[in-house]
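Notes follow the structure.
Derivation of every value follows stated rules applied to the coordinates shown; laboratory data play no part. Remember, it's a predicted structure, so these values are computed and weren't measured experimentally. Backbone-built Cβ (ideal geometry, glycine too); neighbour counts: all protein chains shown.
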Amino acid sequence: MKLHRTVAYLDGRPYTLITLRPSTTTRFAVNHFHDSWHVLSDRAGALLFARLSWGLAYGRHENTVVVIDRRFLDPTPFEAEPSLPIVLFATERTPFGGRAARDLRRVLPTLGTPTATVRWHTHGLTTALADRAAWQRKHPAPPVNREREHRHKRKPHHTVRDGLLVLPGTTGTLLHDAVSIASLTVSGGAPMAYEYLHRYTFQIFHDYRRRVSAARTARREIEALPVPPDRFTGRGYYAEDAVRRHIWVRGTEIRKERMRGRRVTRRPALYRTHSINEIQRSGKTPFERLANIPVDE
């Protein structure tokens, strides 16, 4: 696998930034749910992310970070909200504090021509996946302080630094995360799978791209109301967050219609109103509407 390498000065030191090549078609998304950050993608995304983690674990160079920037990020497949850039690094070889995060956030939009193209080696990953149980017996998982991890997940600012989703890991953690993520599988009968990791959850969908497309359409429809809804900045699926709930429900409707082979050309009557307030006064909550969608609507 070939990746791009760029040198940037962060916190007064030269760092090597490893980024995906522009020809990469795999995409990721990031959201926060149940007090945990989630990285979302499909099966191809899981394999790519696993290879990035595996290769990083065996890297020899100091001050090296893997960055998945906005070129390879989709909005979330639930409410089409923007995704944060993702940063991976090995804690034994790379310090990455608040100043480095601020500098990286500043230089990301202006990254120029990469310094070089590097070949990313992932020797051993295929063997580990062929017999995961045997590999795990030979490489026991690093000890985890569950209480500390729980406290950490409940403090998002420990994971998000200056608008970046920062996912550090020791060599052992990166290897185990890679095996866990690459082992995720989905199908039409089992359309979703996830893996709880130390600092985040990796989740994949069989119809990931369809979900992202439907969420984008739903957000455009809701925001196109004559009286646009206020933008909510809170995390999670709160009951009082009517706008996000309606986007999620409308996106689910669109996805179900498209799965039936129908082209969605106009909003249903509930959404041909003047504002979210009128939808709320209609007497139906979003989930009541979703549970009672007529088949031939």
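Points to keep in mind about this one:
- Each Lys and Arg contributes +1 and each Asp and Glu -1, all at the Cβ; summed about the Cα centre of segment 2-206, the dipole is approximately 440 debye.
- Put in line by how crowded their Cβ is, counting other Cβ atoms within 10 Å and starting with the fewest, T24, T127, T19 read T127, T24, T19.
- At full extension, R93 and T171 could sit 27.1 nm farther apart than now, given 0.36 nm per residue minus the alpha carbon distance.
- Among 214-223, 108-117, the peptide with the highest mean count of other Cβ atoms within 10 Å heads the list, and the full ranking is 214-223, 108-117.
- For segment 56-68, Karplus couplings with θ = phi - 60° (6.51, -1.76, 1.60), whole Hz, Gly/Pro x: 5, 4, 9, x, 10, 8, 6, 6, 10, 10, 9, 10, 9
- In sequence order, segment 11-23 has phi-based couplings of 6, x, 10, x, 10, 9, 9, 9, 10, 6, 6, x, 6 Hz under the Karplus curve 6.51 cos²θ - 1.76 cosθ + 1.60, θ = phi - 60°, and Gly or Pro positions carry x.
- Whole-Å distance, taken between Cα centres, linking segment 118-140 and segment 44-91: 19
- Cβ-based exposure ranking for E92, E257, in which fewest neighbours within 10 Å come first: E92, E257
- Stretched out straight at 0.36 nm per residue, the stretch from R13 to V160 would grow longer than its current Cα-Cα span by 50.8 nm.
- Exposure proxy shown here: for V179, V166, the number of other Cβ atoms within 10 Å sets the order, fewest to most, as V179, V166.
- Fully extending the segment from D35 to R102, taken as 0.36 nm per residue of separation minus the present Cα-Cα distance, adds 21.7 nm.
- Protection proxy ranking, highest mean first, for peptides 129-139, 38-48: 38-48, 129-139, where packing is the per-residue count of other beta-carbon atoms within 10 Å, averaged.
- Modelled FRET efficiency - R0 51 Å, T126 with R260, Cβ distances, 0.05 increments: 0.85
- Residue-by-residue Karplus 3J(HN,Hα) for segment 116-131, coefficients 6.51, -1.76, 1.60, Hz, glycine and proline x: 6, 9, 10, 8, 8, 8, 10, 4, x, 5, 4, 5, 5, 6, 5, 9
- Fraction of beta bridges assigned by DSSP in segment 2-206 that are antiparallel (%, nearest 5): 65
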